[in-house]
Each structure stands twice: as structure tokens, then as C-alpha cells.
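Please treat every number below as a calculation from the coordinates, not as lab data. Bear in mind the structure is a predicted one, so any value in this text is a computation, not a measurement. Quick reminder, even Gly has a Cβ in these numbers, built from the backbone with ideal geometry, and neighbours come from all protein chains shown.
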Amino acid sequence: MSEDQVMELAGRVALVTGASRGIGKAVALKLAGLGAKVAVNYVAIEANNKVDADNVVESIIRLGKEAMVVEADVRDSEAVRAMVEQVTDKWGKIDILVNNAGINRDTLLLRMSDEAWDDVINTNLRGAYLCTKFALRSMMRQDWGRIINISSVTGLVGNVGQSNYAASKGGLIAFTKSIAREMGSRNITVNAVAPGFIITGMTDKLPAERKEAILAMIPLRRFGQPEDVAELVAFLASERAGYITGQVITIDGGVFA
């Protein structure tokens with residue numbers, strides 16, 4: 001990294017949803033490392049989520065950077081509104097939004113409950129819609145913004161037992177392209193990142209034989225790390241990516257090259 005890129009996000013304010021662990025945590029740490037003030041979102045569904053979010057903020061503060069914890073269920077319009085207000089009240093604006101919060105409830109369609117469908121769609125897609133809608137107001141006032149949506153290669157090609165997850169991530173891609181067209185004239189870029197197999201708590205639950213089968217399909221012969229995704233997100237959040245919008249960038253080790 002060149003010397004002028006070390007603090008290229010200095011003065012920027014970022015909100016990262018689902019940032020207590022996994023990809024969201026790596027993104028929050030990376031953006032903070034480049035100088036951004038980072039709001040670390042979590043949802044109080046599991047007791048450990050707050051502890052994990054607090055630990056992320058403490059790690060950022062130890063780097064000598066600024067961070068805050070913001071609790072909100074991204075499915076809830078009023079909770080998202082309050083979260084965005086909390087960030088803007090503290091730091092005056094939001095420059096960068098990373099819609100990372102996501103869940104899966106995998107099962108074959110004929111066995112899928114309405115609740116499993118609704119939970120995934122509401123968290124992964126409705127959540128991004130709400131966060132984007134409220135954060136855009138700040139970005140439009142300053143005629144600058146970066147929105148990065150964390151989709152998935154599953155949203156591009158589908159996957160057995162993940163019709164709800166694939167639908168949410170595919171919808172997120174269409175959402176990305178639409179908002180990029182709406183916001184282009186305001187110097188706000190909107191892009192999607194589509195990770196393949198990334199080592200996170202979600203993927204750790206897969207059986208060993210399934211992981212081996214996936215590894216055999218990856219040309220780079222390794223699984224991705226959350227930090228791999230964070231590097232791409234950081235680039236898209238920077239001035240260097242100012243002419244990139246409405247794009248879907250896969251980061252999958254070459255599986256779908």
C-alpha cells in the first residue's frame with residue numbers, strides 16, 4: 001500500500017451492519033485502519049453479539065481510531081432510523097454504508113417454513129433497503145457516498161437448499177444496480193461484492209466432506225478469509241473507486257471465472 005493510501009479514509013464515517021464477527025468485523029477493522037470512524041452494528045438476538053461488537057470497537061480504539069457500537073435489528077424500520085440518527089448525531093454524517101448483516105436458514109424448498117423464508121428475506125434484503133434509505137439522506141446532503149452491499153455468488157448461480165438465501169442475495173444485486181442508477185448524479189456509488197466460500201461462523205457449520213468438495217472446485221485451492229473481502233470493500237469505499245458503480249464483483253478464488 002502506498003503512503004498516500006494509509007489514511008485514505010480519514011475524515012470519513014462508515015456504518016457496517018452485522019459487524020460483530022466474520023466479514024463485517026474484518027470490514028470494520030479495515031475501514032478503521034484506513035482512518036474512517038466506524039459504527040459497529042449488531043443485533044441483540046444472541047447474548048454474545050454485544051460482547052463481540054464491543055470487542056471490535058475496543059480493537060479499533062486500540063489502533064488509535066474512533067468507533068462506536070450501535071444496536072439495531074435491520075429488519076425494523078424505526079430501529080434503523082434510530083441507528084442512523086445515533087451515528088449522525090455523534091459524527092455529523094455517514095459517508096460509507098456496508099450492508100453486511102445476513103443470515104441463512106437452509107433447507108429444501110418443500111421443507112421450508114414461511115418463517116424461514118421471511119427471516120432470510122427480511123434480514124438480508126429488507127435490511128439493506130432500510131439502511132440504504134435512511135443513510136442516503138446524509139450522503140445526498142454532501143453529494144458523496146459509498147454503498148457496498150455484501151451479496152454472494154449464491155445470488156448469481158443459486159444453490160440447492162438455499163432458495164431463500166439465493167433470492168435475498170440475488171435481490172440485493174438487482175437493488176444495487178437500481179440504486180446506482182438513481183444516485184449516480186449525486187456522486188454516490190453503489191456496488192455489490194459477491195463472496196464465494198469464506199471462512200466464517202456461518203460456513204464453519206458445514207460438514208468436513210462438504211468443505212472438501214468445495215475446496216476441490218476452487219482454482220486457488222484455498223478458502224477465502226474475511227480479510228480478503230474487507231480489502232475489496234475498502235477499495236470500493238475509497239476515492240480510487242469513484243468511477244465504479246452498479247457493479248457486482250465476485251471474490252471466490254476463481255470458482256466462477
**OP:** Take the Cβ-Cβ distance between T107 and S59 as r, set R0 to 51 Å, and report the resulting FRET efficiency rounded to the nearest 0.05.
**Re:** 0.90
Original post:
Using θ = phi - 60° and the Karplus curve 6.51 cos²θ - 1.76 cosθ + 1.60, what whole-Hz ³J(HN,Hα) does each residue of the stretch 204-215 get, with Gly and Pro shown as x?
Top reply: 4, 6, 5, x, 4, 5, 5, 4, 5, 5, 5, 4
Original post:
Using the scaling law 2.2 N^0.38 Å as the reference, what is the normalised Cα Rg of the stretch 88-240?
Top reply: 1.13
Subject >> For the chain, the Rg and Dmax computed from alpha carbons only, in angstrom >> reply: 17.3, 55
**OP:** Mind checking the stretch 1-62 for GluC sites (Glu not before Pro) that DSSP puts in a loop (not H, G, I, E or B) and that have at most 12 other Cβ atoms within 10 Å?
**Re:** E46
Original post:
What length, rounded to one decimal in nm, is gained on full extension from N159 through to I214, with 0.36 nm per residue of separation minus their alpha-carbon distance?
Top reply: 18.5 nm
Subject >> Dipole of the stretch 7-248, positive direction: furthest Cα of Q162, L236, G64, with charges on the beta-carbon >> reply: L236
**OP:** Enter the per residue convex hull volume of the stretch 20-118, computed from alpha-carbon coordinates, in Å³ rounded to the nearest integer.
**Re:** 109
Original post:
Q142 label point, 7 Å along Cα→Cβ, cut-off 20 Å on backbone N: hits in the stretch 189-205?
Top reply: 189-191
Subject >> Residues whose placed amide H lies under 5 Å from that of L97, excluding near-sequence neighbours >> reply: L15, R146, I147, I148
Subject >> Spatially near lysine pairs across the stretch 7-248, Cα under 16 Å, sequence gap of 8 or more or different chains >> reply: 11
Subject >> Karplus 3J(HN,Hα) series, Hz, for the stretch 158-170 with 6.51 cos²θ - 1.76 cosθ + 1.60 (x for Gly, Pro) >> reply: x, 6, 4, x, 10, 4, 5, 5, 4, 5, 5, 6, x
Original post:
Got a sec to turn the phi values of the stretch 137-153 into Karplus ³J(HN,Hα) couplings, 6.51 cos²θ - 1.76 cosθ + 1.60 with θ = phi - 60°, whole Hz, x for Gly and Pro?
Top reply: 4, 5, 4, 5, 5, 9, 6, 6, x, 9, 10, 10, 9, 8, 9, 6, 4
Original post:
Label-point separation (nm) for K133 and R181, each offset 7 Å from Cα along Cα-to-Cβ?
Top reply: 2.0
